[in-house]
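This report concerns only the one structure given below.
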Amino acid sequence: MRIAHISDFHLRHHLPGNSLAYKRRGRAVGDLLAAAIEEINGLAPDLLAVTGDLIDYPLRRLDDPETGRLGLEDLQLVKNLLSKANCPVAHLYGNHDHPEHFQDLFGDEPLERDIRGYRVVTFLDEEGEGNHPERKDPERARFDQVLADPDTRPQIHLQHYLVWPRQVTGYPHSYRDAPALKNAIVASGRVRLILSGHYHRGYNLFEEEGVWFSTATAFCEFPHAFRTYDLTDTTVTERVHTLEDRMKRKPAVFIDHDRLLAGLSNSVTGTRALRRLSEAGYLLVATIFGDGASRGAVEIEATSDELFATLDRQDIEVDGLICRFDQEQDVAELLSDVSHAIRISSAHSHFFTLDEEEAGRARDAGIPNTHTVAPTVEDFARRALEICGVRP
């Protein structure tokens, strides 16, 4: 039996904005997922397990009607993309999904399946107090039931959160009572394989006390990986597949979010220049290096989502957002990390700022084309069009 496993898309298409976690390429996931499904079909799995965080709801607006409408459109987009798989698909929601909207689209999907003699069980759990994942009734009752009923088929369990290993450093990725869940699974002697998502770094397949565990890395992050598992009567083997070979580096234009990009969004001249850069193949990346720590994530997310939505309505898509929340973090190191994560060709990129010190840090990061400009639309537009080889 072969299972394909992919997780944590954090897709945003109709939903405005970009994740403040710059490694999450939510706005690129649609095309990436289409490519992954094509490769998965070539591997001929018996099941595709999709373990949550299908889209990237701005959590502060989870109950906002307009955000909900856009999120539902994004969820439908994910469903349409996954429907191209040539095998059954088990969908789960994660902590960045809207449970009610998930049920609207996937509520008729079975929570148990027989796949080549294996009993595949899907659990739909949620976070509780302090962001600790919890398995509560009715899911807990169903968990206890499948471990004790007369059905002797070997089981495979799917869930968004980690059962094992226990991972609570910084953020509680594991169930609050993960050791108890794991002990019950081991004691039952019925479960062969446990698949999870949520923890973006992932864990490679390992076996402990007769049970195999694997946590997928986040598909939204480079190298955009998914996994396959081959199960026999005696063992489980894992193979990691990536889209790295498809990810060609592109030049980018880094633009100060507050002092440049915000003004450009309200100007015909500015938006024309941004559109020309995008049409010329440049990724547009907004930067917030100055006061991210003092403003806080909630305020910055609200401001950037509104700004990027304004640009999107003018057919201009911002491909990334970099915010430095820790003012001790070195700007050059941050830019180098971003360039790797977003697949940016630094040597062919341009960095626009009002701050000469920031320009120097950009050069230290391998971005030679820096522009210290006045906070005027005209100055930016003139230089931007020169980059594209267009007369202002």
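Looking at region 58-84 only, could you name the residues that are in a helix (DSSP H, G or I), touching a residue at least 60 places away in the same chain (Cβ under 8 Å) and crowded, with 18+ Cβ neighbours inside 10 Å?
Within region 58-84, ASP74, LEU77, VAL78 meet the criteria.
So ALA347 ticks every box in (1) among the aliphatic types (A, V, I, L, M); (2) out of contact with any Pro (no Cβ under 7 Å at 6 or more places or on another chain); (3) surrounded by fewer than 17 Cβ atoms within 10 Å (Cβ to Cβ) but one. Which box is left unticked?
Checking ALA347 against (1) among the aliphatic types (A, V, I, L, M); (2) out of contact with any Pro (no Cβ under 7 Å at 6 or more places or on another chain); (3) surrounded by fewer than 17 Cβ atoms within 10 Å (Cβ to Cβ), the one that fails is (2).
Between a first residue in region 253-271 that is assigned by TED's automatic domain parsing to the domain that holds ILE300 and in contact (Cβ under 8 Å) with a residue 12 or more places away in the chain and a second residue that is polar (S, T, N, Q) and in a helix (DSSP H, G or I), which pairs have beta carbons less than 6 Å apart while being 6 or more apart in sequence or on different chains?
SER265/THR310
Within region 94-146, take every residue that is free of Cβ contacts under 8 Å to residues at least 24 places away in the same chain and part of a loop (DSSP other than H, G, I, E, B) and give me the one that is nearest to ILE156 (Cα to Cα).
PRO110
Hey, does region 15-26 have a residue that's surrounded by 17 or more Cβ atoms within 10 Å (Cβ to Cβ), in contact (Cβ under 8 Å) with a residue 24 or more places away in the chain, of a type outside the set (Gly, Ala, Ser) and in a helix (DSSP H, G or I)?
no
Restricting the search to region 186-199, which residues are part of a loop (DSSP other than H, G, I, E, B) and buried (at least 16 other Cβ atoms within 10 Å of the Cβ)?
Step one: of region 186-199, the residues part of a loop (DSSP other than H, G, I, E, B) are 189-190, 197-199.
Answer for region 186-199, where residues must be part of a loop (DSSP other than H, G, I, E, B) and buried (at least 16 other Cβ atoms within 10 Å of the Cβ): ARG190, GLY197, HIS198, TYR199.
Residues are listed down the side, and each one gets a yes or a no for (1) free of Cβ contacts under 8 Å to residues at least 24 places away in the same chain; (2) in a strand (DSSP E or B):
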position	(1), (2)
THR169	yes, no
ALA184	no, no
ARG201	yes, no
LEU205	no, yes
PHE213	no, yes
ASP233	yes, no
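Considering only region 215-226, state which residues are outside any strand (DSSP E or B) and farther than 22 Å from TYR118 by Cβ. Can you show your working first?
Filtering region 215-226 for residues outside any strand (DSSP E or B) gives 216-224.
THR217, ALA218, PHE219, CYS220, GLU221, PHE222, PRO223, HIS224, listed by residue number.
The values are calculated or read from the model by the stated rules, or taken from the named source; none is laboratory data. All values reported here derive from a predicted model rather than from experimental measurement. All Cβ positions, even for glycine, are placed from backbone atoms using ideal geometry, and neighbour counts span all protein chains on display.
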